[in-house]
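Comments concern the structure below.
The values are calculated or read from the model by the stated rules, or taken from the named source; none is laboratory data. This one's a predicted model, so the numbers in the text were calculated from it and none came from an experiment. Here Cβ is always computed from backbone atoms with ideal geometry, including for glycine, and neighbour counts include all displayed protein chains.
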Amino acid sequence: MDKPNQAHRRRLLKQALGGTLIMVLGPKELAFGAQLLAVRVWPAADYTRVTLESDVPLNATFFAVANPTRLVIDIEGLELSAQLRDIVSKVRADDPYIAGVRVGQNRPKVARLVLDLKQAIKPQVFGLPPVAAYQHRLVFDLYPTHAPDPRSGLQVPSNVPSAPTATPNAPAASNNAQAASASALPASGGSPGAFISAQPAPGTPAPGVARSALPNPQSDQAAEAMNDALGDFIGGLKRPPTGAQTSTQTGQDKAIAKAPASRPGDKAIDKAPEKGADRNADKTLADNDSAPLGNAKAGAQRLVIVALDAGHGGEDPGAVGPSGLYEKDVVLKVAHKLRALINAQPGMRAMLTRESDYFVPLHERVIKARRVQADLFVSIHADAFMNPQARGASVFALSETGASSAAARWMAQKENSSDQVGGVNIKNKDATVMRTLLDMSTTAQIKDSLKLGNAVLGHLGKIGKLHRGKVEQAGFAVLKAPDIPSILVETGFISNPEEESKLQDDDYQRELADALLQGIQRYFAKNPPLARNRAL
């Protein structure tokens, strides 16, 4: 008989009336100790995440110690185990924040982790309920005291005049606030922080949490982004509507009445592009490739910035192909190749929302694009469906009223679940405010997004089959920048064995990147970027 899992054992134990079952399960089962299933470490320049996955929720307390800087974490109900000791080998030498880890049994049923740190950090600790393939997760996010500025990676060429990095809408006092919070780790003996995995009632603070002891690692960045966003709406959007009134999007995820119960792969497989999707697909852009991009009406050239968003990452693998290929890995490689192509174009630069294998919440991807004042936002994905015959690339834009098809609505729901799988701290108030602020779109933004989508779709159709011959629309959370034309590109079905093989081929990834570049260039040839409201 197969050995029952931990949860099943507990149910049996609760039902047991005699001592026989107790002898079978042993004394550890009586203590209802947690079983650690996995330990994962995700280092990145933005932040390092440590995840402990277990069969039951874990409670933890933590406090900081200075000289040397370290974070001490006590986890209740957990015995020292091989899985916990394995965290030592998972710390990489190039981790920006963790120098090393020590583990031990602090007292019965309480395991201790000591994270030796390379720099002062602002930790966030939160629990995640079971979702997808994961059970209960206890997450430690180690943020720097000052968040990296995404503008620093744009590599502005020397022949383009540089502008101040400070944004006019950000109050001068914010610099003083940042300086005051430079020392994020309190000395030993300060009020300890604590995490209780049982979720409190809405509006009720979790017991034992010392909120003031651990500043919010994203408060300064979110505040600056919020000021920038509000300034745009007060002063006018970067891309004013042409012949259309600005409107706030409502009812975006509303179900379509009598929508067909079709799903990706049911029909429209290998469907040819519709007439008019891109009538000028064969027209060359040779004359425009060497010319600096800019707005003729503005009378000045400027740098054009494209935000590239490699979907998923870290805890969120995205779709998984038949041979085990992860979507997050494929799309990151395509994004890196596309960035290299864009940076090689005169007057163009690209920014990645994630540089490596770590998770970035959906709203943070939008904030990063707005902080660099991106002219376009392109989110790159690889589709999956239960029918392995489904194939072809697709392009999606945001919808103002509802999904354009049942398939598009299904796709948006799947992609929007990335936050739950990747793991977002729902207690982060600034993130919640920013998500509400960015839950807006304009008629002009959607109109420009459709133009961009059609241009890209036309070139994707040249290198492979299209799943649908027109740009679909739905309520994708990552496309909700109110003033940046944004599209989501599904490069193919990773669930299709043939397309999975193509997607992991280096040459085909370059073809995809080149097709995306040509679509972007075609869009700008017909829609020159306007002058920015704020300096970089």
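Within region 308-333, if we keep just the residues that are in a strand (DSSP E or B) and touching a residue at least 24 places away in the same chain (Cβ under 8 Å), the residue that is surrounded by the most Cβ atoms within 10 Å (Cβ to Cβ) turns out to be Ala310.
Contact map, region 397-426: residues that are over 24 Å from Ile484 (Cα atoms) and in contact (Cβ under 8 Å) with a residue 60 or more places away in the chain paired with residues that are outside any loop (DSSP other than H, G, I, E, B) and of a type in the set (A, V, I, L, M, F, W, C), Cβ distance under 6 Å, separation 6+ or inter-chain. Pairs shown: Gln420/Val131; Val421/Val131; Gly423/Leu128; Gly423/Val139; Asn425/Phe126.
Within the option set Val114, Val125, Val50, being outside the structural domain of His312 (by TED's automatic domain parsing), at pLDDT 95 or above and buried (at least 18 other Cβ atoms within 10 Å of the Cβ) holds for one residue only, Val50.
Annotation note: Cβ proximity below 6 Å between a residue of region 99-116 that is more than 15 Å from Ile87 (Cα to Cα) and a residue that is in a strand (DSSP E or B) (sequence gap 6+ or interchain) occurs for Asn106/Asp74; Asn106/Arg112; Val110/Asp74; Val110/Glu76. Residues in region 461-495 that are among the β-branched types (Val, Ile, Thr) and assigned to a strand (DSSP E or B): Ile487, Val489, Thr491. Once region 375-394 is narrowed to residues that are more than 17 Å from Ala477 (Cβ to Cβ) and of a type in the set (A, V, I, L, M, F, W, C), the residue that is surrounded by the fewest Cβ atoms within 10 Å (Cβ to Cβ) is Met386. Within region 379-393, residues that are at positive phi sit with their Cβ atoms under 9 Å from residues that are surrounded by fewer than 22 Cβ atoms within 10 Å (Cβ to Cβ), at 6+ positions apart or across chains, in these pairs: Gly392/Ala268; Gly392/Ile269; Gly392/Asp270; Gly392/Lys271; Gly392/Gly464; Gly392/Lys465.
Each residue in region 69-111 was checked for being surrounded by fewer than 17 Cβ atoms within 10 Å (Cβ to Cβ) and either in contact with a Pro (Cβ under 8 Å, 6 or more places away or on another chain) or among the aromatic types (Phe, Trp, Tyr) (or both), and 2 of them qualify.
For region 7-47, the candidate set comprises residues that are assigned to a loop (DSSP other than H, G, I, E, B), buried (at least 19 other Cβ atoms within 10 Å of the Cβ) and among the hydrophobic types (A, V, I, L, M, F, W, C); within that set, the residue that is modelled with the highest pLDDT is Ala44.
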